[in-house]
Amino acid sequence: MCWRYDSPTTFLEPLWNNQHIQSIQVTFKENFGVEGRAGYFDHYGIIRDIMQNHLLQMVALFTMEQPVSLHAEDIRDEKVKVLRSLEPLRASDFVIGQYIGYSEEEGVRQNSKTPTFATCRMNIRNRRWDGVPILIKAGKNLDERLAEVRVTFRSVPGCIFSLANTLPTNELVVRVQPDEAIYLRIISKSPGLTSRLEEARLTLFYRTAWEEAHDIPDAYERLILDVIYGDKSLFIRSDELEVAWDKFTPALHELEFSDQYRPVPYVPGSRGPAEADYLAARYGCMWASDLDIGGKRLRSTSGP
Ligand SMILES: O=P(O)(O)OC[C@H]1O[C@@H](O)[C@H](O)[C@@H](O)[C@@H]1O
């Protein structure tokens with residue numbers, strides 16, 4: 001939010017709308033399973049555990065209008081407003097999955113349909129966002145631990161570079177964990193005498209950009225401090241909670257009570273079910289393989 005509204009000069013905010021943004025992806029992946037919490041998790045599943053709360057908060061902060069001030073109530077007013085504009089979700093907006101071996105975890109009910117993976121597409125029906133697919137994905141026992149928001153910009157019409165159509169479009173990525181970073185994935189001329197275009201990154205790694213950053217407080221340290229100071233900005237207000245449940249509950253009931261929907265099995269340590277890619281493709285999007293760039297696997301901690 002600081003980055004969207006605290007800057008005294010114009011940067012990306014004028015592009016922050018359906019004229020310039022093609023899609024938004026919010027990803028939360030964990031590379032471990034339910035870790036002895038199956039007794040709780042099996043009754044709720046990944047949509048209630050992660051999507052309806054953690055990921056919806058990230059969507060709200062990314063898409064809300066500028067609050068009147070930085071006061072907690074003003075921020076929460078804006079989050080409620082944008083969440084109210086969210087189109088109610090239906091089961092057909094989701095792909096759900098369950099990792100192979102989940103049913104053998106202690107505390108999981110027999111024939112459990114509980115999803116350990118889910119992805120869905122949202123639409124915010126307001127002037128700024130209508131028509132921009134917002135894809136969210138959460139899963140346990142996947143290939144890596146990662147939380148990030150990825151904003152993909154639209155391609156320009158009439159691009160004069162050959163092969164431009166085969167390159168990905170520019171993206172802004174805010175990586176929340178591990179290793180907090182903001183980077184722009186851009187298309188740049190490659191070095192040398194050719195005019196060949198390639199992907200490149202402009203990266204801000206929090207841990208290496210500031211000397212004092214080796215001491216970045218953990219997210220929970222920050223929250224506990226907020227409790228002590230009574231700062232409610234990062235805490236959900238009851239009307240926000242109600243609107244979040246209003247949007248998710250009909251789809252949750254449909255997914256749970258209709259035999260039409262069963263979680264797709266996926267291999268632990270994989271990217272999750274391929275159906276997630278088909279869902280993204282339906283909206284002209286591709287799930288990014290986060291650290292892949294130009295075919296090379298860049299280590300997130302290597303610094304710029
Ligand atoms: O990444 P963090 O901050 O530990 O939060 C993730 C956890 O968040 C909790 O709310 C969920 O119940 C867990 O299933 C999840 O693992």
**Asked** In the set Gly39, Gly33, which member is in contact with a helix residue (DSSP H, G or I) (Cβ under 8 Å, 6 or more places away or on another chain) and within 16 Å of the ligand (Cβ to nearest atom)?
**Response** Gly33
**Positions within region 180-217 being modelled with pLDDT under 85, closer than 20 Å to Glu148 by Cα and either within 16 Å of the ligand (Cβ to nearest atom) or hydroxyl-bearing (Ser, Thr, Tyr) (or both), in sequence order** = Tyr206, Thr208, Ile216, Pro217
**Complete:** If we ask which residues in region 239-277 are among the aromatic types (Phe, Trp, Tyr) and at pLDDT 95 or above, their number turns out to be 3
**Message:** Within region 144-212, considering only strands (runs of 3 or more DSSP E) that don't extend past its boundaries, which have at least 2 residues that are over 30 Å from Asn53 (Cα atoms) and more than 18 Å from the chain's Cα centre (by Cα)?
**Reply:** 181-189, 197-205
**Message:** Being in contact with a helix residue (DSSP H, G or I) (Cβ under 7 Å, 6 or more places away or on another chain) and within 11 Å of the ligand (Cβ to nearest atom) is the filter here; which residues of region 16-30 pass it?
**Reply:** Phe28
**Message:** Taking the conditions exactly as written (on the phi > 0 side of the Ramachandran plot and among the acidic types (Asp, Glu)), does Asp179 satisfy them or not?
**Reply:** yes
**Request:** State which residue pairs qualify: first residue within 12 Å of the ligand (Cβ to nearest atom) and inside region 139-151, second residue at pLDDT 95 or above and acidic (Asp, Glu) in any location, beta carbons under 6 Å apart, and separation of 6 or more residues or different chains.
**Result:** Lys140/Glu30; Arg145/Glu30
**Prompt:** Taking region 278-304, which residues are surrounded by fewer than 18 Cβ atoms within 10 Å (Cβ to Cβ), modelled with pLDDT of 85 or more and part of a loop (DSSP other than H, G, I, E, B)?
**Reply:** Tyr283, Gly284, Met286
**Request:** Tell me which residues, restricted to region 49-93, are within 13 Å of the ligand (Cβ to nearest atom) and of a type outside the set (S, T, N, Q).
**Result:** Asp49, Ile50, Met51, His54, Leu55, Leu56, Met58
**Prompt:** What about Asp77, is it under 22 Å from the mean Cα position of the chain (by Cα), in a helix (DSSP H, G or I) and among the acidic types (Asp, Glu)?
**Reply:** yes
**Asked** If you check Asn111 against the conditions, is it within 23 Å of the chain's Cα centre (by Cα) and of a type in the set (S, T, N, Q)?
**Response** no
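Here's the yes/no breakdown for (1) more than 20 Å from the chain's Cα centre (by Cα); (2) without any contact (Cβ under 8 Å) to a residue 60 or more places away in the chain; (3) not in a helix (DSSP H, G or I):
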position: Phe11; (1), (2), (3): yes, yes, yes
position: Asn17; (1), (2), (3): no, no, yes
position: Gly33; (1), (2), (3): no, no, yes
position: Pro67; (1), (2), (3): yes, no, yes
position: Leu70; (1), (2), (3): yes, no, yes
**Prompt:** Which numbered condition trips up Ile46, out of (1) over 16 Å from Leu234 (Cβ atoms); (2) more than 13 Å from the ligand (Cβ to nearest atom); (3) in a helix (DSSP H, G or I)?
**Reply:** (2)
**Asked** Within the set of pairs 6 or more residues apart or between chains, which connect a residue that is hydrophobic (A, V, I, L, M, F, W, C) inside region 169-182 to a residue that is assigned to a strand (DSSP E or B) and within 16 Å of the ligand (Cβ to nearest atom) with Cβ atoms less than 7 Å apart?
**Response** Val173/Glu148; Val174/Glu148; Val174/Val149; Val176/Ala147; Val176/Glu148; Ala181/Arg175; Ile182/Val174
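The values are calculated or read from the model by the stated rules, or taken from the named source; none is laboratory data. Note that the structure is predicted; figures quoted are calculated from it, not measured. Reconstructed Cβ throughout: ideal geometry from the backbone, glycine too, with neighbour counts over all protein chains shown.
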